[in-house]
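A.B. asks: Structure incoming, see below.
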Amino acid sequence: MNKINSTSGYISNDNFYEERKNLAAAFRWAERSNLHEAVANHFSLAVNSEGTEFLMNPNMWHFSRIKASDLLLLNINDKSVLKRENPPDATAWGLHGAIHKMCPHARCIMHVHSIYATTLASLEDCILPPINQVAAMFFGRQVVDKNYGGLAFEEEGERCANLLSDPKKHTFIMGNHGILIFGQNVAETFNRLYYFERAAKVYVNALQSGKKLSILDDEIAEKTAQELDNEEYPAPAGTAFLREIKLILDNENSDYCN
């Protein structure tokens, strides 16, 4: 395949190899965890401090076959990439590009239409309450957007980015759309994505029971969220999870790292 460059259009695909490898592993595990949707949805990872250069999946590629070398290296200031061979998805470009540029704290961004997170986003009250330890991870860390404006081309992407200026609020519930989560790296972001979907599944199942919900009080929910955010215990969030994902894929002789 052609090798996209952020300036001239083409570069060697060995640039940012570890970052590419981590992101490719996340794509593979997202598919295995049923977080994907056909050939839609997109992950990205900023590779410069300004957030203007980032890796992202090619348009209309299934998550199960994305390799490290397949990831596009894009520059948000070089819009001509949309007219080149093998361009990124225009809505992914608009949404991720705007957030990376306007919110440099969002180093890694993962956007999916996973079943339970999207079910939650389809409710009138779509905030995830702290009904258990996993859900408490997201207490006070959610932004809800109830003003869906259609496909996320540049203008819609900028509107969304304006809602994500607080680094603490890393989980973006896109009403009538899906979920977007950001973090400092692939491990942290995928860990949040994976656990948000699980927490949303438990919440939806609890609602279906028709029983009264048991919700943690705000003080305990915030304490739990802070404890789970702790970068020293037992390790930075998601580090072990991503390590194990890559080990499993390696043991299966997966080609994700090629």
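The values are calculated or read from the model by the stated rules, or taken from the named source; none is laboratory data. The structure presented is a predicted model; accordingly, all values stated were derived computationally and were not measured. Counting neighbours? That spans all protein chains shown, and the Cβs are built from the backbone with ideal geometry, glycine included.
A.B. asks: Every residue in the stretch 142-192 that is buried (at least 18 other Cβ atoms within 10 Å of the Cβ) and aromatic (Phe, Trp, Tyr), please.
C.D. replies: Passing the criteria: Phe172, Phe182, Phe190.
A.B. asks: For the stretch 81-137, which residues satisfy the criterion of being more than 27 Å from Ser33 (Cβ to Cβ) and free of Cβ contacts under 8 Å to residues at least 12 places away in the same chain?
C.D. replies: Leu82, Lys83, Glu124
A.B. asks: Regarding Tyr148, is this residue among the hydroxyl-bearing types (Ser, Thr, Tyr) and without any contact (Cβ under 8 Å) to a residue 60 or more places away in the chain?
C.D. replies: So Tyr148 fits the description; yes.
A.B. asks: Could you please find all residues in the stretch 124-156 being at pLDDT 95 or above and not in a loop (DSSP other than H, G, I, E, B)?
C.D. replies: Gln133, Val134, Ala135, Ala136, Gln142, Val143, Val144, Asp145
A.B. asks: OK, next. Identify the single condition in (1) basic (Lys, Arg); (2) modelled with pLDDT of 90 or more; (3) not in a helix (DSSP H, G or I) that Arg20 does not satisfy, given that it satisfies every other one.
C.D. replies: (3)
A.B. asks: Follow-up. Among the residues of the stretch 119-141, what is the count of those that are surrounded by fewer than 15 Cβ atoms within 10 Å (Cβ to Cβ) and among the charged types (D, E, K, R)?
C.D. replies: Residues flagged as surrounded by fewer than 15 Cβ atoms within 10 Å (Cβ to Cβ) and among the charged types (D, E, K, R) within the stretch 119-141 amount to 2.
A.B. asks: Taking the stated definitions as given, is Thr224 of a type in the set (Ser, Thr, Tyr) and either within 19 Å of His105 (Cα to Cα) or in contact with a Ser or Thr (Cβ under 7 Å, 6 or more places away or on another chain) (or both)?
C.D. replies: no
A.B. asks: Same structure, new question: Using beta carbons and a limit of 6 Å, which pairs, at least six apart or on different chains, have the first residue in the stretch 167-185 and of a type in the set (S, T, N, Q) and the second one surrounded by fewer than 24 Cβ atoms within 10 Å (Cβ to Cβ) and not in a strand (DSSP E or B)?
C.D. replies: Thr171/Arg141; Asn176/Tyr148; Gln184/Arg107
Yes or no, residue by residue, for (1) under 18 Å from Tyr148 (Cα atoms); (2) surrounded by 22 or more Cβ atoms within 10 Å (Cβ to Cβ); (3) in contact with a strand residue (DSSP E or B) (Cβ under 8 Å, 6 or more places away or on another chain):
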position	(1), (2), (3)
Ser64	no, no, no
Leu71	no, yes, yes
Glu85	no, no, no
Lys101	no, no, no
Ser114	yes, yes, yes
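A.B. asks: Another question, then. For the stretch 199-219, give me each residue that is in a helix (DSSP H, G or I), exposed (fewer than 14 other Cβ atoms within 10 Å of the Cβ) and either on the phi > 0 side of the Ramachandran plot or not polar (S, T, N, Q) (or both).
C.D. replies: Asp218, Glu219 - these are the residues of the stretch 199-219 that are in a helix (DSSP H, G or I), exposed (fewer than 14 other Cβ atoms within 10 Å of the Cβ) and either on the phi > 0 side of the Ramachandran plot or not polar (S, T, N, Q) (or both).
A.B. asks: Could you list, in sequence order, the residues of the stretch 37-57 that are touching a residue at least 12 places away in the same chain (Cβ under 8 Å), surrounded by fewer than 18 Cβ atoms within 10 Å (Cβ to Cβ) and under 19 Å from Asn22 (Cα atoms)?
C.D. replies: Ser49
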